[in-house]
Every structure is written in structure tokens, then in C-alpha cells.
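Laboratory data are not the source of any read-out in this text; all were calculated from the coordinates shown. Bear in mind that the values here come from a model prediction, so they are computed numbers and not experimental data. Positions of Cβ are backbone-derived with ideal geometry, glycine not excepted, and every protein chain shown enters the neighbour counts.
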Amino acid sequence: MPTPDSGNSVSPVAATAATIVYGIHRLAPLHVVEQIVHSWFDQIHSVAPFLHRRAFLTRLRSTEATQDGMFAALVVSLCAATIASLRRKSSQDHGTLVSPERCWEVIDEMNVHQIPRRHFTLEWCQMKYNLSVSSHLINDAQCFTSMSEAVIGIKYLIHYEMPNMTSVSQELLKRLYWLVFAAGWYVLYVVIWI
């Protein structure tokens with residue numbers, strides 16, 4: 001990291017601009033975001049383990065969520081999925097401070113929704129899965145679009161990028177694939193057949 005004495009220091013204006021563009025602070029104060037993320041790991045992760053807990057929390061505690069737009073969007077989408085899944089707990093803990101709708105607005109403001117032009121990433125697919133889960137639980141039609149985009153990205157990664165991924169990322173991708181597969185069967189069985 002550049003020091004003030006080095007010739008490579010980042011101006012306060014540039015640092016502020018990066019924080020404004022990608023900062024998770026747009027959603028809620030950091031301690032609230034961390035509380036929501038911990039709720040996900042404590043109550044949902046065992047059912048949907050598609051994130052590496054230690055790596056994710058380490059990145060969240062660093063400044064990466066203010067510098068990396070995709071990671072910030074993943075954090076915000078995880079908040080949306082957690083709040084939508086744990087409605088009663090979320091309303092008791094946060095009231096109306098954070099809602100899935102607010103999470104979607106923040107991600108829209110970050111402008112990371114679009115399908116990547118060059119290649120898909122695991123984080124982008126995880127974000128789309130979270131957005132689908134959060135919108136499905138609120139009966140939003142956007143859930144099908146987000147899930148379809150997640151499936152497209154997951155299939156691309158499996159077919160073209162998996163050999164280049166780390167073993168941890170490969171495992172997380174496989175877990176996400178099976179979650180999407182199970183969600184597809186759930187929708188087919190519950191929504192269509194019944």
C-alpha cells in the first residue's frame with residue numbers, strides 16, 4: 001500500500017471515488033453487514049455451503065469490499081439472500097434498515113449486474129444465485145432471470161475454466177452447481193406440477 005511519503009500515494013478524492021462506487025457502506029454500516037453475513041454463515045451455510053467461510057470473512061474484514069466491485073456485490077447479494085431467508089430474525093435485528101429491495105438497489109448502483117463480456121467468474125455466479133434466492137422468497141419474477149444467468153455462468157465455468165481454477169474454487173463451483181440443480185427440481189416439482 002502506498003504511503004504518503006511515496007510518490008505513488010492515492011489521492012483522497014480517488015480513494016473516496018472508489019469507496020463510493022463499490023462501498024458496501026451504501027447498504028448499511030459495516031457492523032450491520034457483518035452481522036447479516038454472520039447470520040448467513042451460522043444459519044444457512046450448512047444447507048448451502050458455496051462460500052469458503054474463512055476466506056470470505058477475511059476479505060470482508062479487509063478493505064477489499066470497498067475496492068473490488070464484484071466482491072462488494074457478492075457481499076450485498078448475500079445480505080439480500082440472508083434477509084429474505086431469515087425474515088423474522090432480520091426484522092428483529094435490523095428493522096427496516098436493510099431489505100432485499102435495498103440490496104438490489106445497491107447492486108444496481110454498482111452496475112455489476114450484466115453478463116460479463118470476457119468471461120464469467122465464480123463470484124458473479126454466486127451473486128446471481130443469491131439474487132435469485134432473495135427474489136424468489138419475495139415472489140419476484142426477477143428470480144428466474146437471475147437463476148438463468150447463474151446457470152449460464154456455472155456451465156461456462158465448468159466447461160471452460162474449471163481446470164484453471166484452484167481446488168477450493170472447483171469445490172465451491174460444484175456445490176453451487178448442485179444447489180442450482182436442486183433449485184431447478186424444486187421449481188419444477190412444487191411450482192409447475194403442484
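Miscellaneous remarks
- Listed peptides 120-126, 159-165, 79-85 appear in the order 79-85, 120-126, 159-165 once ranked by packing, highest mean of other Cβ atoms within 10 Å at the front.
- For segment 31-131, averaging the sequence separation of C-alpha pairs within contact (under 8 Å, six or more residues apart) and dividing by the residue count gives a relative contact order of 34 percent.
- Distance between the pseudo-spin-label points of residue 113 and residue 34 (7 Å out from Cα toward the beta carbon): 3.1 nm.
- Whole-Hz ³J(HN,Hα) from phi, Karplus 6.51 cos²θ - 1.76 cosθ + 1.60, for segment 101-109, glycine and proline x: 4, 5, 4, 5, 4, 5, 5, 4, 5
- Take the Cβ atoms of residue 59 and residue 159, set R0 to 41 Å, and the FRET efficiency comes out at 0.95.
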